[in-house]
Amino acid sequence: SGSGYYMYTEASDAFNTEFTLTSPVFAECLGGVSFYYHMYGYAMGTLELEETTDGVTWTTSWNMTGDQGDSWQSATVAASAFVRQVRLVAYTGTSYTSDMAIDNFAIFPNPTCSLPTPAPTQTFEPTPSPTTAVPTPVPTPSPTRTPVVNTQVSMSGLNCSGFSATIFAAALDMLVPN
């Protein structure tokens, strides 16, 4: 966008390296993701957007490979049914000319989708004496998840070199202006 913040991978000392940026798990379905990307260099690698419904199995929903020219490109990707989490995975290429960047990353909710509500688990209290007939079940609340509220993240000046972590929210605290 010409102003604000962006995030990039530094390939100078990280050829053929994987960098991952993972969103929080949301309490509702994701409708889609939009972002800008910059992939300029003769040895450019691959940038992928992956999605999951269970936090274990990841499916690639978008990818781009190779030199895309010296300009920012946009991507808008619709999420599949019941997706609650996304991640960007960048694979640098075979030389220092495979830096890539992302900007204006936004996650949108799907208001027409309802996630199945998990049944609460039950914890049984110990029987105090042999005369107690049935233990009383105590419901355990389901874990809290982050709601999707048109989450937009603008990133700039953060050099992602040397890490491969699920730090979507934590990365925001590390941002510095250009």
Gain in span if fully extended, THR97 to ALA43, counting 0.36 nm per residue against the direct Cα distance: 18.9 nm
For the residue pair THR60 and VAL25, what label-to-label distance in nm results when each label sits 7 Å from Cα along the Cα-to-beta-carbon direction? 2.6
Debye log10 I(q)/I(0) at q = 0.15, 0.16 Å⁻¹ for region 1-102, Cα point scatterers: -0.62, -0.69
Take THR112, THR53 and sort them by solvent-accessible surface of the protein heavy atoms, 1.4 Å probe, largest at the top. THR112, THR53
What whole-number value in Å² describes the accessible area per residue of region 1-124 for a 1.4 Å probe? 49
Within 10 Å of each candidate Cβ there may be at most 13 other Cβ atoms; applying that plus a DSSP loop requirement, which chymotrypsin sites (Phe, Trp or Tyr not before Pro) in region 14-53 survive? TYR42
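The values are calculated or read from the model by the stated rules, or taken from the named source; none is laboratory data. This is a predicted model, so every value here is computed, not measured. Every residue, glycine as well, gets a Cβ built from its backbone with ideal geometry; the counts of neighbours run over all protein chains shown. What goes into the accessible areas is simple: the full protein's heavy atoms, side chains included, and nothing from ligands, DNA or RNA. Shrake-Rupley method; radii C 1.70, N 1.55, O 1.52, S 1.80 Å.
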